[in-house]
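A.B. asks: Let me give you the structure first, and then I'll get to my questions.
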Amino acid sequence: MSKILVTGATGVVGKTTIVHLLKKGIPANEIVGLARNAEKAEEILNTGIEIRIGDYFDYDSLLQAFEGIDKLMLISAHAFTDRITQHYNAITAAREVGVKHIVYMSIMRKAGSGLVMPEVTESDIFSEQTIKASGLNYTILFHPPFTDVLSFYYGLKPYENGFKLPGGKGKMAPATRDELAEAHAAVLSQPGHENKTYILSGSEAVSFADIAQILAEVKREPVPYTTITAQAYNELRASEGIPAHLTGFVTDWVIAINSGEYAEQPGDLERLLGRKTRTFREFVESSRA
Ligand SMILES: NC(=O)c1ccc[n+]([C@@H]2O[C@H](COP(=O)([O-])OP(=O)(O)OC[C@H]3O[C@@H](n4cnc5c(N)ncnc54)[C@H](OP(=O)(O)O)[C@@H]3O)[C@@H](O)[C@H]2O)c1
């Protein structure tokens, strides 16, 4: 019996990947979720899958958790949490216990742009190189911005406050975490994805100005769009209580999106899902309903 382990089983992407594996007909006894907190894992335990306890910082716990696993879905750790150590431990433990295939979620990087997203790009490249050097089969899945967290960048009260963002009109091709998790499940449950790299951008390319217009049309209320400096955007987010180390990070994301870093649309996600992804308008309308 072949076993698939999904890390981050208590988080949104990991949990949803497990749900999609079950929907695709993978039996619960062939799926293992990794959690570092047993209490948090109780909800996903109701699906009948096995939960193993392990922490990316605790190498021995990973050796035990990965025992007998064939395919490992490595959900990337958050920025500002020493992703390099965490991912290195997970990849090395997988190799040591004989995992055959690692699937890793990276963040999209536009060819030739050279843009470095602090706390993300360096650890993504390190993780991809470590996986490739491990000799294990791999699949690298490049993720776009998540549709369902875009409001974190443009603000949670667009109708009251409008959009106030640094300049740039670049488009991005976001996808929801649910769609991305379904693509993970497709890669994990089908043959033929060994040693491949996919760019999981969505079917629709939108700019923040497009998003403001869509929000205005959906609610029939204006969403004014104002361009401000990066410094002013930083200060605005700080005034909302976002910690200092994160305001610069959020600003960097908006600038990267506006420069078109996440606009590439090779169609990989559509092929893995067998359909187009939801448009931003569809996402907002279904969230309101
Ligand atoms: N593309 C984008 O727009 C975007 C945006 C934000 C983040 N991301 C990336 O996507 C990843 C997944 O997103 P998400 O929404 O699913 O995040 P999430 O809901 O916060 O889930 C993260 C998962 O990782 C687990 N985890 C964290 N540190 C760990 C450790 N040391 N050992 C073992 N497990 C650990 C968490 O466990 P606990 O439940 O115990 O905390 C949780 O299960 C993020 O971690 C980040 O790398 C991408």
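The values are calculated or read from the model by the stated rules, or taken from the named source; none is laboratory data. Because the structure is predicted, anything quoted here is derived from the model rather than measured. No Cβ is skipped: glycine too gets one built from the backbone with ideal geometry, and neighbour counts run over all protein chains shown. What goes into the accessible areas is simple: the full protein's heavy atoms, side chains included, and nothing from ligands, DNA or RNA. Shrake-Rupley method; radii C 1.70, N 1.55, O 1.52, S 1.80 Å.
A.B. asks: Toward the positive end of the charge dipole of the chain, about the Cα centre and with charges on Cβ (Lys, Arg +1; Asp, Glu -1), which of A79, A41, F163 goes farthest?
C.D. replies: F163
A.B. asks: In nanometres, what is the gap between the two model label sites at K219 and Q190, each 7 Å from Cα along Cα-to-Cβ?
C.D. replies: With each label point 7 Å from Cα toward Cβ, the separation is 3.8 nm.
A.B. asks: I want to verify a result. In a Gaussian network model of the chain, Cα cutoff 10 Å, which of these has the top mean-square fluctuation: P222, P27, P191?
C.D. replies: Looking only at P222, P27, P191, the largest GNM fluctuation is found for P191.
A.B. asks: Let me ask something else about it. Multiplying the sequence separation of K164 and E39 by 0.36 nm and subtracting their Cα-Cα distance, what value in nm do you get?
C.D. replies: The span from K164 to E39 would gain 41.0 nm if fully extended.
A.B. asks: With a probe of 1.4 Å, find how much accessible area the chain has per residue, and write the answer as a whole number in Å².
C.D. replies: 45
A.B. asks: Right, another one. So, in nm, how far is label L115 from label T197 when the simple model puts each one 7 Å beyond its Cα toward the Cβ?
C.D. replies: 1.7
A.B. asks: Hey, another quick one. Based solely on its DSSP helices, what 222 nm [θ] is calculated for the chain when runs of n ≥ 4 H residues each add -39,500 (n - 2.57) and the sum is averaged over all residues, nearest 500 deg cm²/dmol?
C.D. replies: -12500 deg cm²/dmol
A.B. asks: Still on this structure: Between G260 and residues 5 or more places away or on another chain, which pairs have amide H atoms under 5 Å apart, with H built 1.01 Å from N, and which residues are they?
C.D. replies: The list, which skips near neighbours in sequence, is G170, K171.
A.B. asks: Same structure again: I want to verify a result. In a Gaussian network model of the chain, Cα cutoff 10 Å, which of these has the top mean-square fluctuation: S201, S239, S123?
C.D. replies: Residue with maximal mean-square fluctuation among S201, S239, S123: S239.
A.B. asks: Measure off, as a whole percent, the carbon and sulfur share of the 1.4 Å-probe accessible area of the chain, all protein chains present.
C.D. replies: On the chain, the fraction of accessible area on carbon and sulfur atoms equals 52 percent.
A.B. asks: Cross-link candidates for K132: which lysines have Cα within less than 16 Å, leaving aside residues fewer than 8 places away along the same chain?
C.D. replies: List returned: K71, K100, K196.
A.B. asks: Which value, in debye to the nearest 20, gives the size of the charge dipole of the chain about its Cα centre, when Lys and Arg are +1 and Asp and Glu are -1 at the Cβ?
C.D. replies: Dipole about the Cα centre, nearest 20: 640 debye.
A.B. asks: Output ³J(HN,Hα) for the stretch 14-27: one whole-Hz value per residue in order, computed from phi by the Karplus curve 6.51 cos²θ - 1.76 cosθ + 1.60 with θ = phi - 60°, and x for Gly and Pro.
C.D. replies: Karplus values, whole Hz, x for Gly and Pro: x, 4, 5, 4, 5, 4, 6, 4, 5, 4, 7, x, 6, x.
A.B. asks: For the pair K100 and E50, what calculated FRET efficiency results from E = 1/(1 + (r/R0)^6), where r is the Cβ-Cβ distance and R0 = 22 Å, to the nearest 0.05?
C.D. replies: Using R0 = 22 Å, I get an efficiency of 0.75.
A.B. asks: Direction-averaged shadow area of the convex hull around the Cα atoms of the chain, nm²?
C.D. replies: Dividing the Cα hull surface by four gives the mean projection, 15.1 nm².
A.B. asks: Taking amide H positions as placed 1.01 Å from N in the peptide plane, with prolines and chain starts having none, which residues 5 or more places from S207, or on another chain, fall under 5 Å of its amide H?
C.D. replies: M172
A.B. asks: I would also like to ask the following. Less than 17 Å from a label point 7 Å out along the Cα-to-Cβ axis of R288: which backbone N atoms in the stretch 150-169 qualify, by residue?
C.D. replies: Zone members listed by number: 151, 156-163.
A.B. asks: What is the helix-to-structure angle for 244-258, meaning the angle in degrees between its Cα long axis and the longest Cα principal axis of the chain, kept from 0 to 90 and rounded to the nearest 10?
C.D. replies: 80
A.B. asks: Now for a different question. List the chymotrypsin sites (Phe, Trp or Tyr not before Pro) in the stretch 78-159 that DSSP assigns to loop (not H, G, I, E or B) and whose Cβ has at most 16 other Cβ atoms within 10 Å. Which are they?
C.D. replies: Answer by residue number: F80.
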